[in-house]
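Since the structure comes first, as structure tokens, the remarks are kept for the end.
The values are calculated or read from the model by the stated rules, or taken from the named source; none is laboratory data. All of these numbers come straight from a predicted model, not from anything done at the bench. Note: ideal-geometry Cβ built from the backbone for every residue, glycine included; neighbour counts use all protein chains shown.
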């Protein structure tokens, strides 16, 4: 009995006359492991070309039967921290060594990174892009909270471009890093939102400094 053909969209190809043709998936049927296009109006005129194309698409897994068993996910990953940050997490799997006889013994490497970019942050406390308003401070969440916030103590000054790695986190302490001021001193201090040693993996990069764009107030 024919079954539904599933794929990413209509099948497109160029016929012998150089004309672009499209076959809707609704015009296709799976019959005994093969995709048939008999229902398509232009099938007879393009039979050899269409048959070869559909065969290749089935072999490559681009077309499957509607009765096929969906692929079972290997795992489900969920962000540990709720909010917008989870939308910027990237997961990369590598060095996968599958053990077909004992799947639980399969091994792999997994690198997980989270990156947020904040453009045009300001030192102007009256601006909506004021760094404390955007990243937040100890007592107030920011408009776009992320992995770090600004320690509220002290007066802010112009930061120096560079990459800064947080340190000092523990069971009862948040990792933090004083951002160098330009030309000297400390511009401000960033700290992780949560306690823990994982804060040492956070790197803050400061760039595109424009001293004239957002004057201090």
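Just to be sure, is residue 125 at pLDDT 90 or above, surrounded by 12 or more Cβ atoms within 10 Å (Cβ to Cβ) and farther than 15 Å from residue 147 by Cα?
Working: at pLDDT 90 or above: yes; surrounded by 12 or more Cβ atoms within 10 Å (Cβ to Cβ): yes; farther than 15 Å from residue 147 by Cα: yes.
Spelling it out, residue 125 is indeed at pLDDT 90 or above, surrounded by 12 or more Cβ atoms within 10 Å (Cβ to Cβ) and farther than 15 Å from residue 147 by Cα.
Within segment 157-165, can one find any residue that is part of a loop (DSSP other than H, G, I, E, B), farther than 10 Å from residue 193 by Cα and either touching a helix residue (DSSP H, G or I) at 6+ places or on another chain (Cβ under 7 Å) or free of Cβ contacts under 8 Å to residues at least 40 places away in the same chain (or both)? Steps first, answer last, please.
Going through segment 157-165, the residues part of a loop (DSSP other than H, G, I, E, B) turn out to be 157-158, 160-161.
Among the residues that remain, those that are also farther than 10 Å from residue 193 by Cα are: 157-158, 160-161.
Subset that is either touching a helix residue (DSSP H, G or I) at 6+ places or on another chain (Cβ under 7 Å) or free of Cβ contacts under 8 Å to residues at least 40 places away in the same chain (or both): none.
No, segment 157-165 contains no residue that is part of a loop (DSSP other than H, G, I, E, B), farther than 10 Å from residue 193 by Cα and either touching a helix residue (DSSP H, G or I) at 6+ places or on another chain (Cβ under 7 Å) or free of Cβ contacts under 8 Å to residues at least 40 places away in the same chain (or both).
Tell me which residues, restricted to segment 166-181, are in contact with a strand residue (DSSP E or B) (Cβ under 8 Å, 6 or more places away or on another chain) and either part of a loop (DSSP other than H, G, I, E, B) or in contact (Cβ under 8 Å) with a residue 60 or more places away in the chain (or both). Even if it seems obvious, please write down each step before you answer.
Restricting attention to segment 166-181, the residues satisfying the condition of being in contact with a strand residue (DSSP E or B) (Cβ under 8 Å, 6 or more places away or on another chain) are 166-169, 174-181.
166, 168, 169, 174, 175 - these are the residues of segment 166-181 that are in contact with a strand residue (DSSP E or B) (Cβ under 8 Å, 6 or more places away or on another chain) and either part of a loop (DSSP other than H, G, I, E, B) or in contact (Cβ under 8 Å) with a residue 60 or more places away in the chain (or both).
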May I ask you to say which residue of 131, 89 is surrounded by 14 or more Cβ atoms within 10 Å (Cβ to Cβ), under 19 Å from residue 201 (Cα atoms) and in contact (Cβ under 8 Å) with a residue 24 or more places away in the chain?
-> 89
Can you tell me which residues in segment 92-111 are part of a strand (DSSP E or B) and loosely packed, with under 10 Cβ neighbours inside 10 Å?
-> 92, 94, 95, 97, 107, 111
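Report yes if some residue within segment 95-117 is over 25 Å from residue 79 (Cβ atoms) and in contact with a helix residue (DSSP H, G or I) (Cβ under 7 Å, 6 or more places away or on another chain); otherwise report no. Spell out the reasoning first.
Going residue by residue through segment 95-117, those that are over 25 Å from residue 79 (Cβ atoms) are 97-105.
Filter again for in contact with a helix residue (DSSP H, G or I) (Cβ under 7 Å, 6 or more places away or on another chain), leaving 99.
Looking through segment 95-117, at least one residue is over 25 Å from residue 79 (Cβ atoms) and in contact with a helix residue (DSSP H, G or I) (Cβ under 7 Å, 6 or more places away or on another chain).
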Single condition residue 101 does not satisfy, out of (1) within 23 Å of the chain's Cα centre (by Cα); (2) free of Cβ contacts under 8 Å to residues at least 12 places away in the same chain = (1)
Would you mind stating whether residue 154 is in contact with a strand residue (DSSP E or B) (Cβ under 9 Å, 6 or more places away or on another chain) and under 22 Å from residue 125 (Cβ atoms)?
-> yes
